[in-house]
Amino acid sequence: MSSVRQEGKDKIIFVTKEDHETPSSAELVEEDPNDPYEERGLILPNGEINWNCPCLGGMASGPCGTEFKDAFSCFHYSKEEVKGSDCLEQFRAMQECMQRYPELYPQEDEKSSSKTSQDSTEESGANSTSASEQDSNTSQPDTESTAES
Amino acid sequence: MLKCRTVWKKLAPLARSSSTLCRQNVKRTGLNNGRIPTCVPAANMSTGPGGLGGDNLKYTIMVGAACVGSLTYAYFLLKGDQKRYQERIEEITTRSQRSSKEEAATVQSEPPAVEATQTEAVPESVPEAAPSPEEPSPPAAPAEEPAAPAEAAAPSETTAPPPADEPVVEAPPEEAATPVAAPVVEEAADSTPASLKVPSHSPYLLIGGGTASFAAARSIRARDPGARVLIVTDEPDLPYMRPPLSKELWFSDDPSVTETLRFKQWNGKERSIYFQPPSFYINSEELASAENGGVAVLTGKKVVHMDVRGNKVKLDDDTEISYDKCLIATGGVPRNLQVIERAGEEVMKKTTLFRKIEDFKSLDNVSRNAKSITIIGGGFLGSELACALGRRSTESGLEVIQMFPEKGNMGKVLPEYLSNWTTEKVKREGVKVIAEALVKSVTCKDDKLEIHLKDGRLVKTDHIVAAVGLEPNVDLAKSAGLEVDSDFGGYRVNAELQARSNIWVAGDAACFYDIRLGRRRVEHHDHAVVSGRLAGENMTGASKPYWHQSMFWSDLGPDVGYEAIGIVDSSLPTVGVFAKATAKDTPKAATEKSGTGIRSESETEDTATSPVASVTPLPPVAHKDDYGKGVIFYLRDKVVVGIILWNVFNRMPIARKIIKDGEEHADLNEVAKLFNIHED
């Protein structure tokens, strides 16, 4: 049983676990998936890539941003059986660029950057909104490594 | 970049002196141009006329041989210099613009007999050269022409430094300009001082180098491929994040943390407070020419004047930068107490206004040497610093005092019961809290500070940290003709953060219209990120209003950590829903309050993960005072406008949704169920 107390204008309620076990009767407004104001995840409703997604960190905006965008776009739109197999040239260019900035793109991320591309596209449908929320939530929203998303 | 400048600066006087020396020698010896082979007869002119007797013949031969010898020497010297030239050119051409080389060529074709001093040559060619970072090169070209031939002339002038030696004619014209431009420009530097460093135009100009500015830069670069972004900041540092300066950096085990500025994140990974290392940015000189654009940061420069009609700003060194789109993200300056400002130099020297990296370093230093520090202010910054220093006090014996006019810590944010509870927690961190304290005056006596409170109490301390608020920086409002908000302070902007058609404002300095919550100004880190990102999006054509609600958080010791969103003002009516504390939540608190006399066990169980099963459920009276975890709703006209998640984490999306809906909920306990506060 919950206990309720009033201290001036402030109400204080203590609840046990059992009190909160019954489903909530609070009603939430239905989300509009095409709301233009909303923050988007990695993939926009029209299928395009959201380069401004916090989940990408600084990848699309850094010195190798152009190479990254080329490689990832190619991968995203790739219709090959092994997705991205027709994008080796772009990925190679991206890696070359990244090797010139080891401070920004630590070498162990060579694998994870391509891994992230695959992970992101897989997750995008499910986690698009939560990814962006999460990144706005984290204490340090701006991270150097793309491994965190 | 800076190193080059100092090197060039050093070479400049050398070049100047050697060139004047050369010119003087030229005038003295009467030689005109060593480069013209026809000079040989000129040299011989000084010998006697015909009538070649035996002696005269020998004499003529000797003089002739000497001249030929010296000219051969000069020729080889110049060849060697040319080689060095080529090497340097190769290095520079990777940086230089192609068009500037053409400009240099056209300017070079000017008659070399420009006897005028270098400074005169510069204004002449400035109108010809297009505004670009390569501006110094063309003006320098004619300037160095009088210098170089003069230097090349007399072979004895081998002492001239290599850069100044470079010949003009033999080397291909356009390549001559840039290398010599360096030392020579410094001489001409007085008329165009910063043209070497400061670009005269940037498509995207961001004033201020903090969190909002960086977020905008990232946003612009993501959306506008190849964008050229220039950040101008009066701080000496590249963009960095502030929250760790009052939290994580103080808890670091690394003794060199004041140098490295690295901290451990919530996920265990370490990182620097700088958003990106220096290699992320490009040099401001390269901004216009970089193929894919980039972000350049001009540190140590303050924007003092803004011309909105002319779309340009003026810096404190009198250079101007024109822009297409501009963001004002000037943040703010810590407020000070009037009593301290009036108290004089001695007191001011022992006072810290905390905001920047240098303040962190200085306070860290003070905390190691002082015996007592007093923090004036009971808000986020004051309380966080008090807890950070309080933790240090346990090791070092430092006395940490915190005083504020409210009844408890975070008195303007948390409802009274929670503020009182939090104050007790802060005290546990080793802080001497003096609530309801109004400072009447501060004096310095015997190298110690004496703080006199209005109620008569006297506090003696070594150092004061004033954390009494932030004054938004609206210095540019007057010259720019921008509106300043009288209620909240800061530049007044619309829901899309726009002040004028091509000027946006973000971060602490922006008083914006929030569609859901009304006009406000927010001074939190996440807001700076969200608003900076939004401003960047709108600068690249998005036209989106402020919609994604930013959040904030604070940690005060091991027992108090909360995340919050929206308007969290303690003057609003609140509804707090707390989980009835079980032993699992706060084992220590439970055993202590029950008075069951197993305190010694409770101490050891500090680290134990298993619940203290032997403790019987406590009567509601004791529980009431234990606000272990829960959710607090702030209401305005029955609508939830703010939410605090008290020691519950990862539920921010739900809170954000509730605020966005803006609905009236009859029973907030039902809404609280959505948060599942009993789970971890």
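The values are calculated or read from the model by the stated rules, or taken from the named source; none is laboratory data. All values derive from a computational prediction rather than experimental measurement. Here the Cβ positions follow ideal geometry from the backbone for every residue, glycine too, while neighbour counts run over all protein chains shown.
Among residues of region B:413-446 being in contact with a helix residue (DSSP H, G or I) (Cβ under 9 Å, 6 or more places away or on another chain) and assigned to a loop (DSSP other than H, G, I, E, B), the one that is surrounded by the most Cβ atoms within 10 Å (Cβ to Cβ) is B:L414. Only a single criterion out of (1) surrounded by fewer than 20 Cβ atoms within 10 Å (Cβ to Cβ); (2) at pLDDT below 95; (3) within 14 Å of another protein chain (Cβ to nearest Cβ) is not satisfied by B:K580, namely (1).
Among all positions in region B:266-282, there is no residue which is away from chain A (no Cβ under 14 Å) and touching a residue at least 12 places away in the same chain (Cβ under 8 Å).
If only residues of region A:1-16 that are facing another protein chain (nearest Cβ under 8 Å) and among the β-branched types (V, I, T) are counted, the one that is surrounded by the fewest Cβ atoms within 10 Å (Cβ to Cβ) is A:T16.
For (1) part of a strand (DSSP E or B); (2) surrounded by 15 or more Cβ atoms within 10 Å (Cβ to Cβ); (3) under 25 Å from the mean Cα position of the chain (by Cα), each residue gets a yes or a no:
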| site | (1), (2), (3) |
| --- | --- |
| B:I451 | yes, yes, no |
| B:G456 | no, no, no |
| B:V465 | yes, yes, yes |
| B:K478 | no, no, yes |
| B:D487 | no, no, no |
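Table: residues versus (1) buried (at least 16 other Cβ atoms within 10 Å of the Cβ); (2) within 25 Å of B:D307 (Cα to Cα); (3) without any contact (Cβ under 8 Å) to a residue 12 or more places away in the chain.
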| residue | (1), (2), (3) |
| --- | --- |
| B:G481 | no, yes, no |
| B:Q498 | yes, yes, no |
| B:L517 | yes, no, no |
| B:G532 | yes, yes, no |
| B:G536 | yes, yes, no |
| B:M539 | yes, yes, no |
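Scanning region B:223-256 for residues that are within 18 Å of A:W51 (Cα to Cα), modelled with pLDDT of 95 or more and either away from chain A (no Cβ under 12 Å) or part of a helix (DSSP H, G or I) (or both) yields one hit, B:R228. In this structure, B:L381 does not qualify as in contact with a strand residue (DSSP E or B) (Cβ under 6 Å, 6 or more places away or on another chain), closer than 26 Å to B:G210 by Cα and in a helix (DSSP H, G or I). Annotation: B:A215 fulfils all but one of (1) touching a Gly at 6+ places or on another chain (Cβ under 7 Å); (2) part of a loop (DSSP other than H, G, I, E, B); (3) closer than 27 Å to B:G382 by Cβ; the unmet one is (2). When restricted to residues that are surrounded by 24 or more Cβ atoms within 10 Å (Cβ to Cβ), more than 7 Å from chain B (Cβ to nearest Cβ) and either closer than 13 Å to B:A215 by Cα or not aromatic (F, W, Y) (or both), region A:57-70 contains 2. Scanning region A:1-16 for residues that are of a type in the set (V, I, T) and outside any loop (DSSP other than H, G, I, E, B) returns A:V4, A:I12, A:I13, A:V15.
Residues B:V303, B:V333, B:V295: which one is modelled with pLDDT of 95 or more and surrounded by fewer than 16 Cβ atoms within 10 Å (Cβ to Cβ)?
Only one candidate qualifies: B:V333.
Taken over region A:71-95, the residue count meeting the criterion of being closer than 27 Å to B:V229 by Cβ and either surrounded by 19 or more Cβ atoms within 10 Å (Cβ to Cβ) or away from chain B (no Cβ under 14 Å) (or both) is 9. Does region B:365-379 contain at least one residue that is more than 14 Å from B:I464 (Cα to Cα), touching a residue at least 60 places away in the same chain (Cβ under 8 Å) and crowded, with 16+ Cβ neighbours inside 10 Å? Yes, there is a match, as at least one residue in region B:365-379 is more than 14 Å from B:I464 (Cα to Cα), touching a residue at least 60 places away in the same chain (Cβ under 8 Å) and crowded, with 16+ Cβ neighbours inside 10 Å. Restricting region B:542-565 to residues that are small (G, A, S) and touching a helix residue (DSSP H, G or I) at 6+ places or on another chain (Cβ under 8 Å) leaves a set whose member that is farthest from the other protein chains (Cβ to nearest Cβ) is B:G557.
Do we find a residue being part of a strand (DSSP E or B), surrounded by 12 or more Cβ atoms within 10 Å (Cβ to Cβ) and either in contact with a Pro (Cβ under 6 Å, 6 or more places away or on another chain) or within 7 Å of another protein chain (Cβ to nearest Cβ) (or both) anywhere in region A:17-38?
no
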